[in-house]
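Peer 1: Below is the structure I would like to discuss, written out as structure tokens.
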Amino acid sequence: MTSQPLTADTSIDLSRRSVPTTTFDSSQWRRYFEENRKLRPVVRLPNEIALDESLQASLISSLQRFQIGETGEGRHLRKYAKKYGDPEYVQCVDMFIKEEQSHAQILSQVILAMNGNLLSWHWTDFAFVCMRRLLHLKTELLILLVAEVIGKCFYKYVADKVDYKPLEEVFSLIVLDEIMHLKFHTEFLSEQLRSYPWAVKHFVHYIWCMIFYTACFAFVFDHKKALKAMNISSAEFIETCSKTFHVKATRALGLE
Ligand SMILES: [Fe+2]
Ligand SMILES: [Fe+2]
């Protein structure tokens, strides 16, 4: 293990990872996940984090929900991935799930350092899990990508807007992982959806957008205190998520 302490410089260094190209290649992605695990900086957070009182309380509440979402064991995703029949893709999915679990671990540390407690259940996570299991691997990934977009945008705002260096570093690190998760799922979906007829792709896009905006509106309603404490309006948050989502959705469906 060649982990290194997390600093502002190492947190944004992707240069040593073999970042996969645009066509989905499971062996390239396997190498990426392996290198990302080896080169991952060690996260060192203070035992106690004290921010502005209202920011801290609202941030705890939001991060508790994310912590549950990142905790899952990914049993269904693993099961679907195995059916796909590519052992290297299964390895990638395993390492992807481990990265999400490491995010859950980091979020736990942040929440506890802010004197918050961990939740064991929240309706938003339950709703996402139910929707993801509706049909098969592609459906699971379509819904997962919505959650990844919202998570990446929220973590980026925490890194940018909360004036506290250890949190900026740790959330920048998570954002880098999330950017690559989006790329990983988008490229896989693009490969899987390539042969769909044009009309079907547009229909999927329409339904996908409806799910995305429903999730976004539910999110800004549920996390309005944290967004307000970071001076982010609901409209700004939705617009930021929307830009990322549309790039990924049109790419996955080959509608660029
Ligand atoms: Fe994550
Ligand atoms: Fe992720």
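The values are calculated or read from the model by the stated rules, or taken from the named source; none is laboratory data. Remember, it's a predicted structure, so these values are computed and weren't measured experimentally. Methodologically, a virtual Cβ is constructed for each residue, glycine included, from the backbone with ideal geometry; neighbour enumeration extends over all protein chains shown.
Peer 1: Quick one: which of LYS228, LYS248 is touching a Ser or Thr at 6+ places or on another chain (Cβ under 8 Å) and surrounded by fewer than 18 Cβ atoms within 10 Å (Cβ to Cβ)?
Peer 2: LYS228
Peer 1: On to the next question. Give me the helices (runs of 4 or more DSSP H) completely within the stretch 29-139, filtered to those with at least 1 residues that are in contact with a helix residue (DSSP H, G or I) (Cβ under 8 Å, 6 or more places away or on another chain) and at pLDDT 95 or above, ordered by residue number.
Peer 2: 53-71, 87-113
Peer 1: Looking at PRO41 and the list (1) of a type outside the set (Val, Ile, Thr); (2) over 24 Å from ASP222 (Cα atoms); (3) within 15 Å of ligand 1 (Cβ to nearest atom), which single condition is not satisfied?
Peer 2: With respect to (1) of a type outside the set (Val, Ile, Thr); (2) over 24 Å from ASP222 (Cα atoms); (3) within 15 Å of ligand 1 (Cβ to nearest atom), PRO41 is out only on (3).
Peer 1: Being in contact (Cβ under 8 Å) with a residue 40 or more places away in the chain and assigned to a loop (DSSP other than H, G, I, E, B) is the filter here; which residues of the stretch 229-256 pass it?
Peer 2: Residues satisfying the conditions are MET230, ASN231, ILE232, GLY254, LEU255.
Peer 1: Let me ask something else. Only one of VAL149, VAL175 is β-branched (Val, Ile, Thr), under 24 Å from ALA104 (Cα atoms) and free of Cβ contacts under 8 Å to residues at least 24 places away in the same chain; which?
Peer 2: VAL175
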